[in-house]
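The structure appears right after this line, and notes come after that.
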Amino acid sequence: MESASYYRARIVTIKKLLETLPESTEEKNNDRVLVRNGFIPNSVKYDYEKLLKEEYYLTFSLNEPLTFTETTRFNTWFDMYPEKICGKEFISTSREFPITVKGTKEDIEITINKAMEESVMDSEIETQESENKVDQKLERANRFGSSSDVLELTVSGFEGNYFDKYEQFQVLLNPLEEQFQAEKENLKAAGRDKLKRKEINEKLNEISGKLSQNNAEFEQDWMEYCSGLRELINEIALSKGLQHNQDNDWTYADDVMVAITERPGQEQYWRTKIKDVINIEMEYYIRQESQGIMKTDNSLELEALALEVELQLLKIK
């Protein structure tokens, strides 16, 4: 399952996408209706994923749990747990329920049995994964480099690394994007010619699939790169004697990631190495903990403290 920040970005993306889709009275369940119900048709899938990438990059470090409203909006819960759908989703002719699920008794039994089997398997592999975790995380490297090397980068270097790789990536994607736009124009020109429209839609789906796959691989590399850094931040926090419980074990990592990717910390640390940013932030938390301020399990208090850290750090230098 993706992170809470991913689904939060998904909600914002769908809202923005809806603003671009025209109202239509001709088609019963047009693109706007489907998107409003959390279903992304192929015709707008590329635009959706492009918006999602931008929103996710802005919010990937803010990973507080989803609220009930967020979980139930735009079919988010079923996007989080597709394995719990007992059958297959279809576009129906109903105005009230444009997205429906068709399944049999066998589909229900398979879904339930699979969930039970996965629960057993998860417990069996959990120990093995924890044993391999330390060795794997420092060895991970992709187009952005190795997470273990990021400590020597400045904040500007960290940001620049993303945008440099993104520009290179876009150059590679340009031919596909041009093909996609050309086929969209061809679709408009095809008018009511069903055979021609079907042929063009097949091309659009093929190109859209390639674009989606490339974008997914790029974002996966970035998230793995950042995830490796977050793990290193928590290791450093623990090495300095900072304690945290399981429910809030990303508090320190979230704070540092905000400081190097968003305001107000980013501007202050622009020319500072990541390892020095981490040390400064940890020193602040150590002072807070020595005064007993960190002795809390209240997630709202911890969130408020993370924001306070950023404001206080502006006064240090």
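Every number here is computed from the coordinates shown, using simple stated rules; none is lab data. All figures in this text were calculated on a predicted structure; none of them were measured in a lab. Positions of Cβ are backbone-derived with ideal geometry, glycine not excepted, and every protein chain shown enters the neighbour counts.
For the peptides 211-223, 38-50, the ranking by packing is 38-50, 211-223, with the highest mean count of neighbouring Cβ atoms within 10 Å listed first. Peptides 233-239, 178-184 ranked from most to least packed, by the mean per-residue count of other Cβ atoms within 10 Å: 233-239, 178-184. Among the listed pairs Lys45/Lys84; Lys15/Lys275; Lys53/Lys88; Lys16/Lys273; Lys45/Lys196; Lys102/Lys210, a Cα-Cα separation exceeding 32 Å is found for Lys15/Lys275; Lys16/Lys273. Modelled this way, with points 7 Å down the Cα-to-C-beta line, the labels at Asn214 and Trp270 are 3.2 nm from one another. In this structure, Lys105 and Arg287 have a Cβ-Cβ separation that, at R0 = 45 Å, corresponds to a calculated FRET efficiency of about 0.15. In this structure, the amide hydrogen of Ser92, modeled 1.01 Å from its nitrogen in the peptide plane, lies closer than 5 angstrom to those of Ile99, Thr100, counting only residues at least 5 positions away or on a different chain.
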